[in-house]
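A quick write-up on the structure given underneath.
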Amino acid sequence: MKVIPAIDLMDGKVVRLYQGQFDAMTIYHDDPFEMARRLMEMGASQIHIVDLDAARQRKSNNREVIKRMAGSSEINVPLQVGGGVNSLKVAGELLSAGVERIVVGSLLFSDEDVFHDLIKSVGEKVVLALDIKEDIIRTDGWRNKTGIRIADVVKQDWIHKLHAVMVTDISVDGSLCGPNLLLMRALKEAYPLRWIASGGVNRYEDLLALNQIGVYGTILGKSIYEGLILNLKDIEVK
C-alpha cells in the first residue's frame, strides 16, 4: 500500500484544515520545499499536493510554486497535484512541468465534456477525487453538495481508465479520529479499482488496517504534522 503524505498549500504556506473548513486552518510550515525534503527523509515515495487557493478559485494560487517543486532536483519523488485542475490547459501545464499525476474532482461535475476529454488524453495520469460528507459528494473546496453518491460515479465504464480513485471522508478529515474503514472496505469489495483513502488516520495501526482491506494507497496529513506517524515507507500488501 502506498503511504502518501500530503502538502496542502495556501498563500505559499503548508497548512491543514479541519473537516474542510477554511476558517479552521493551522499553518505548519512556511516553506513547502523544506517540508517536501522532510517527508522524503521520513521515507515518502511520493507526495500529494493540494492547492487550496486554486480549489477555492482565488485569483492567486500556488501553481508556480508547485511547478518549481516538480522541476526541482531536490525533490526526487513523484508529485500528484490537485486543487483547481479545471481545464486541459491547467492539466497540461502541470504535467509538462514534471508533475506525475493530477487530481481532479469538481471538473467531473462542472464540465463533464472537458473531464472526458482529459480522460481520453491522459487518463492514466488522473486520480479522481471524490470528497464526501453524509454519503454525498461535495465539490469546489467541499462547499457545494452535488446530491450524487460514490456508487453513481464509479459504476461508469470510464472509471477504469483512471490511475486511481481517492475518497476523502470530510467528516473525519483533520480530526485524527481514525479513517472510515467501513466505507473503504465496502468500496473495495464492491468495485475492483485502485482506491486511495483519505482522512482521519492518526496512528500507524490505521495504516495497517487499511492495508489489510487492500486499498491502493492512503493519504496522510495532520498525523504527520502532529508527530503521530514518523514512518512514511510504503507497506507491503499482505
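Things worth noting here:
- Loop-resident sites, region 127-210, for GluC sites (Glu not before Pro), counting at most 13 other Cβ within 10 Å (DSSP): Glu134
- Whole-number D in µm² s⁻¹ for the chain, Kirkwood Cα-pair radius fed into Stokes-Einstein, 4 °C, 1.567 mPa s: 74
- Rounded to whole Hz, the Karplus (6.51, -1.76, 1.60) HN-Hα couplings of region 210-218, x for glycine and proline: 5, 4, 5, 5, x, 5, 6, x, 9
- Scanning residues 5 or more positions from Ser175 or on other chains, those with amide H under 5 Å from its amide H are Gln19, Gly200, with H placed 1.01 Å from N in the peptide plane.
- Equivalent ellipsoid, region 145-187 (semi-axes from 5 times Cα gyration tensor eigenvalues, Å): 22, 13, 10
- Taking packing as the residue-averaged number of other Cβ atoms within 10 angstrom, the listed peptides 192-201, 35-44 run from highest to lowest as 192-201, 35-44.
- Counting only lysines at least 8 places from Lys133 when in the same chain, those with an alpha carbon closer than 22 Å to its own are Lys145, Lys155, Lys188, Lys222.
- Long-range amide H partners of Asp234 with built H, under 5 Å: Val3, Ser45
FYI, it's all coordinate maths here, none of it is from the lab. None of the values given here were measured: they were computed from a predicted structure. FYI the Cβ positions are ideal-geometry reconstructions off the backbone, even for glycines, and counts take in every protein chain you see.
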